[in-house]
1. Just one of (1) part of a helix (DSSP H, G or I); (2) buried (at least 16 other Cβ atoms within 10 Å of the Cβ); (3) in contact with a helix residue (DSSP H, G or I) (Cβ under 8 Å, 6 or more places away or on another chain) trips up LEU91, so point out which.
2. Six or more apart or on different chains, Cβ atoms under 6 Å: show the pairs whose first residue is in the range 53-73 and aromatic (Phe, Trp, Tyr) and whose second is in a helix (DSSP H, G or I) and at pLDDT 95 or above.
3. Select from the range 37-75 the residues that are open to solvent by less than 40 Å² (accessible area, probe 1.4 Å) and assigned to a loop (DSSP other than H, G, I, E, B) and write down the one among them that is modelled with the lowest pLDDT.
4. Does ALA18 count as at negative phi and surrounded by fewer than 14 Cβ atoms within 10 Å (Cβ to Cβ)?
5. Which pairs have Cβ atoms under 8 Å, sit 6 or more apart or on different chains, and link a residue in the range 89-100 that is within 11 Å of ALA127 (Cα to Cα) and touching a residue at least 40 places away in the same chain (Cβ under 8 Å) to one that is of a type in the set (Val, Ile, Thr) and crowded, with 17+ Cβ neighbours inside 10 Å?
6. Take the conditions of a type in the set (Val, Ile, Thr), open to solvent by 70 Å² or more (accessible area, probe 1.4 Å) and in a loop (DSSP other than H, G, I, E, B) and apply them to THR26. Does it pass?
7. Exactly one of these conditions fails for THR78: (1) of a type outside the set (Gly, Ala, Ser); (2) in contact (Cβ under 8 Å) with a residue 12 or more places away in the chain; (3) open to solvent by 70 Å² or more (accessible area, probe 1.4 Å); (4) under 25 Å from LEU131 (Cβ atoms). Give me its number.
8. Residues to consider are LEU107, LEU131, LEU150; find the one that is under 15 Å from the mean Cα position of the chain (by Cα), at pLDDT 95 or above, open to solvent by less than 40 Å² (accessible area, probe 1.4 Å) and not aromatic (Phe, Trp, Tyr).
Amino acid sequence: MNESKHARDARAAKRAHALSLGIDDTFIATMIDRFYTKIRSDLMLGPIFASHVADWAPHLERMNLFWRSVLFSSGEFTGNPMLKHVVIPDLDRRQFAQWLALFDETLIEIGTAPARTLILERARNIANSLLNAVNVHSGRGIGLSKADEL
């Protein structure tokens, strides 16, 4: 990849900031492992994930790549999470709110307050973006208002 010095510097700064908060590869792997353990046993989300994830090992690895890309700008993740979510029937705000609550619960268990703040902000943005796409795709609405956001 032929990226500019500015892009390399921005990527390095984002990673350095995350590392300064204690967010490293091990932290992310622990976060993913604990979070998806909660997801699988959750009465609301467990069945949804069970019907869409046949093999958990590759899914967990993809989620590690995804979150390293989000938190470090590592560029490791390729794919379109939006497309995976808009095809799930009856997905709505309740499921995204529960997803976010389990994410926050996980972060409280493993992270410092600054790490939690950073990751939860990113997770909330992702959840709102996916919820917006689901609503538009399903015909439930044009998009989220500020009052509808998680």
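The values are calculated or read from the model by the stated rules, or taken from the named source; none is laboratory data. The structure presented is a predicted model; accordingly, all values stated were derived computationally and were not measured. Every residue, glycine as well, gets a Cβ built from its backbone with ideal geometry; the counts of neighbours run over all protein chains shown. Just the protein is used for accessible areas: all its heavy atoms, side chains included, with ligands, DNA and RNA removed. Shrake-Rupley method; radii C 1.70, N 1.55, O 1.52, S 1.80 Å.
1. Evaluating LEU91 over (1) part of a helix (DSSP H, G or I); (2) buried (at least 16 other Cβ atoms within 10 Å of the Cβ); (3) in contact with a helix residue (DSSP H, G or I) (Cβ under 8 Å, 6 or more places away or on another chain) leaves (1) as the failure.
2. TRP67/ILE28
3. Going through the qualifying residues, I end up with SER74.
4. Working: at negative phi: yes; surrounded by fewer than 14 Cβ atoms within 10 Å (Cβ to Cβ): no.
When the stated conditions are applied, ALA18 does not pass them.
5. Pairs that qualify, where the first residue is within 11 Å of ALA127 (Cα to Cα) and touching a residue at least 40 places away in the same chain (Cβ under 8 Å) and the partner is of a type in the set (Val, Ile, Thr) and crowded, with 17+ Cβ neighbours inside 10 Å, are ASP92/VAL134; GLN95/ILE48; TRP99/ILE39.
6. Numbers: of a type in the set (Val, Ile, Thr): yes; open to solvent by 70 Å² or more (accessible area, probe 1.4 Å): yes; in a loop (DSSP other than H, G, I, E, B): no.
In short, no.
7. Tallying (1) of a type outside the set (Gly, Ala, Ser); (2) in contact (Cβ under 8 Å) with a residue 12 or more places away in the chain; (3) open to solvent by 70 Å² or more (accessible area, probe 1.4 Å); (4) under 25 Å from LEU131 (Cβ atoms), THR78 fails exactly one: (2).
8. Numbers: LEU131 fails: at pLDDT 95 or above; LEU150 fails: at pLDDT 95 or above.
Matching residue, one of LEU107, LEU131, LEU150: LEU107.
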